[in-house]
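First up is the structure itself, then whatever we jot down about it.
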Amino acid sequence: MILKVAYLPEINTNTGLFGLSDLLDQVERQPIGCSPWKEYACADVQAGFAIVQGKDCIALKYYVREAFSNPVYFNANDPVYRDSCVEFFIGFNTDAGYYNFEFNNAGTCLLGFGTGRERKYLPKSLIDQISYCRSFKSKGMESLIEWELTLVIPFEVFCFHTIRKLEGPSCRGNFFKCGDDLPEPHYLAWNNITTDSPNFHLPEYFGLIDFV
């Protein structure tokens, strides 16, 4: 799968988050719609995202609809994948290493880098450079919750690379929604994975990200 990401130079790390959230609502939304492991399929869970490149950052917004969302983890590099969690994995050029950004709906971030499931956690000082805002609303009689998380990831957070602007089909990555410890565990992906058991750390299943 190929994802085309627009460049909007008017966006930067100083852009107001609520205005940015509204702007991202105008960007084409991508579904996180693949359910690779059918034993974890959950019809109540829907997720998607919108993404653009700014002058000095990546701006990303997640949209989630589900029944269970109360977060448990609130410290940097806590295992947020056990909560209701959205994730963004990205690697640059031919580098075997990639970054994994994982967020629960409180905005708590786990950030790592490596070539597979064994990750090097990156310091809280980098995580603190990521800004976010979030919103929630219930679906009334359906007992479902819709939540949104808007993120600004400065290029400086990609600490093993020097990035000034991303251009062309130079990246590969994937986007996920999960919740390991929820009453209904689930695992959704933007680009499909064909393995027997849940594992997101499989760069061979990353899609192409084309910064246009």
Qualifying residue in segment 152-175 (condition: farther than 26 Å from N12 by Cβ, touching a strand residue (DSSP E or B) at 6+ places or on another chain (Cβ under 8 Å), among the basic types (K, R) and in contact (Cβ under 8 Å) with a residue 12 or more places away in the chain): no
Residue in segment 108-118 that is touching a residue at least 12 places away in the same chain (Cβ under 8 Å), under 26 Å from K38 (Cβ atoms) and not basic (K, R) present: yes
Residue check, Y205 of a type in the set (S, T, Y), within 15 Å of the chain's Cα centre (by Cα) and within 16 Å of F89 (Cα to Cα): no
Lone qualifier among D83, D78 - being farther than 23 Å from C171 by Cα, among the acidic types (D, E) and buried (at least 23 other Cβ atoms within 10 Å of the Cβ): D83
Checking F176 against (1) surrounded by 12 or more Cβ atoms within 10 Å (Cβ to Cβ); (2) over 28 Å from G19 (Cβ atoms); (3) in contact with a Leu (Cβ under 9 Å, 6 or more places away or on another chain); (4) modelled with pLDDT of 95 or more, the condition it does not meet: (2)
Strands (runs of 3 or more DSSP E) lying entirely in segment 140-212 (those with 1 or more residues that are over 17 Å from C109 (Cβ atoms) and charged (D, E, K, R)): 145-154, 168-178, 207-211
Residue in segment 44-58 that is in contact with a helix residue (DSSP H, G or I) (Cβ under 7 Å, 6 or more places away or on another chain) and free of Cβ contacts under 8 Å to residues at least 24 places away in the same chain present: no
Residue that is farthest from F176 (Cα to Cα), among those in segment 1-60 that are in contact with a Leu (Cβ under 6 Å, 6 or more places away or on another chain) and β-branched (V, I, T): V52
Where a residue in segment 84-104 is over 16 Å from Y62 (Cα atoms) and its partner, wherever it lies, is modelled with pLDDT of 95 or more and among the charged types (D, E, K, R), with Cβ under 7 Å and at least six apart: G91/R172
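The values are calculated or read from the model by the stated rules, or taken from the named source; none is laboratory data. Treat the numbers as computed from the prediction; the structure is a model and nothing was measured. Because the Cβ atoms are built from the backbone with ideal geometry, glycine has one as well, and the counts that use them run over all protein chains shown.
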